[in-house]
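Written below as structure tokens is the structure these notes are about.
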């Protein structure tokens, strides 16, 4: 819907901020989906916490929000997190 706005509105700072926010979400959502896989264990979350330097309340699903992951700045550490999630997937395959 953001793309379909009139051209004049696309010049506004509010539009530019919204577009940036949407683009960031598009990039971070695959990382969040990877972290939601069943192969991700507490040790993997600990590595994510070490890398990001942010405290994440991953053990308590009732108080763990997507906004916490976004605020942790995971995009800066995307490559490292992909390595962690890929490793978790490989370990799961080995266990079976």
Is one or more of the residues making up region 24-33 loosely packed, with under 11 Cβ neighbours inside 10 Å, at pLDDT below 90, over 13 Å from the mean Cα position of the chain (by Cα) and in a helix (DSSP H, G or I)?
no
Residue satisfying all of: in region 40-61; surrounded by 17 or more Cβ atoms within 10 Å (Cβ to Cβ) and in a loop (DSSP other than H, G, I, E, B); modelled with the highest pLDDT among these
40
Checking residue 13 against (1) over 27 Å from residue 93 (Cα atoms); (2) free of Cβ contacts under 8 Å to residues at least 40 places away in the same chain; (3) surrounded by 14 or more Cβ atoms within 10 Å (Cβ to Cβ), the condition it does not meet:
(3)
With (1) within 13 Å of the chain's Cα centre (by Cα); (2) outside any helix (DSSP H, G or I); (3) surrounded by 13 or more Cβ atoms within 10 Å (Cβ to Cβ) as the list, and residue 37 as the residue in question, which single condition is left unmet?
(3)
Has region 52-71 got at least one residue that is closer than 24 Å to residue 23 by Cβ and in contact (Cβ under 8 Å) with a residue 40 or more places away in the chain?
yes
Before we move on, is residue 78 outside any loop (DSSP other than H, G, I, E, B), touching a residue at least 40 places away in the same chain (Cβ under 8 Å) and under 11 Å from the mean Cα position of the chain (by Cα)?
yes
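The values are calculated or read from the model by the stated rules, or taken from the named source; none is laboratory data. Keep in mind it's a predicted model, so treat the numbers as computed, not measured. In this analysis, Cβ positions are derived from the backbone assuming ideal geometry, glycine residues included, and neighbour counts consider all displayed protein chains.
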